[in-house]
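Undergrad: Sending over a structure as structure tokens; questions will come in a sec.
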Amino acid sequence: MEKSWATIITSLDSSDFMAEGSVNVESRTSSQDKRWTIMAALLGTNTAVMLFQGIQQESNPTEIREFALAIIAATLPFQGIYFLIYTFVMEHEPKLTEEMKDRLQKASAVCQLVAYISLVGVGMMWYNISTYVGLFFVISTVFAIIFIRLAMSPYRISESENSD
């Protein structure tokens, strides 16, 4: 007797696919998702910049591009480590002590800050192309980083508001 695909799919539940204690994507907080998304976009952008600007550097070398590529290259390992920490915490969170969670959270924050430095390298390359484009990119990057950091910080209610 043949079952339709719809019957097979609807009869399966998540326990058929996920082991007990595996990472539950729905349990992540929205701030974790934001950080992950930002870091993924930054890693993708930096990898593309390294590839295409690296090819351009071979055919038409400039000092500013070389320095900018060096900055971006220095930040790439920190971006990768961020994802390793993130995945490790997601998989082992119930088993981690509070001290270990704090250490990993601090390491993750350092990786994020170093990753943001890569934007300096990108800005240098834009500046090399056009002074105005580079200047406005750097200004908007500073504002974007401030905005992102404010958006990712947890909302705190003051004690005076709690007592009302």
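Undergrad: Taking the simple approach of a point 7 Å from Cα along Cα-to-Cβ for both ARG149 and LEU113, what is their distance in nm?
TA: 0.8
Undergrad: With θ taken as phi - 60° and the coefficients 6.51, -1.76 and 1.60, list the Karplus ³J(HN,Hα) couplings across the range 63-78 in order, rounded to whole Hz; mark glycine and proline as x.
TA: 5, 5, 5, 4, 5, 5, 5, 5, 4, 5, 4, 5, 8, 4, x, 5
Undergrad: In nm, to one decimal, how far is the TRP36 label point from the THR141 one, both placed 7 Å along Cα→Cβ?
TA: Rounded to a tenth, the inter-label distance reads 2.7 nm.
Undergrad: Below 8 Å, C-alpha to C-alpha, sequence gap of six or more: please give me the relative contact order for the range 30-154 in percent.
TA: Working: 86 pairs, mean separation 37.8, N = 125.
Computed value for the range 30-154: 30 percent relative contact order.
Undergrad: Compute, for the range 30-154, the length of the dipole vector about the Cα centre, with Cβ point charges of +1 (Lys, Arg) and -1 (Asp, Glu) only. Units Debye, rounded to 20.
TA: Values: 8 positive and 9 negative charges, 45 e Å.
So the dipole magnitude of the range 30-154 works out to roughly 220 debye.
All of the numbers you see were taken from the coordinates with simple rules; none came from a lab. Since this is a predicted model, take the numbers as computed values, not measurements. A quick note on method: Cβ atoms are made from the backbone with ideal geometry, for glycine too, and the neighbour counts reach across all protein chains shown.
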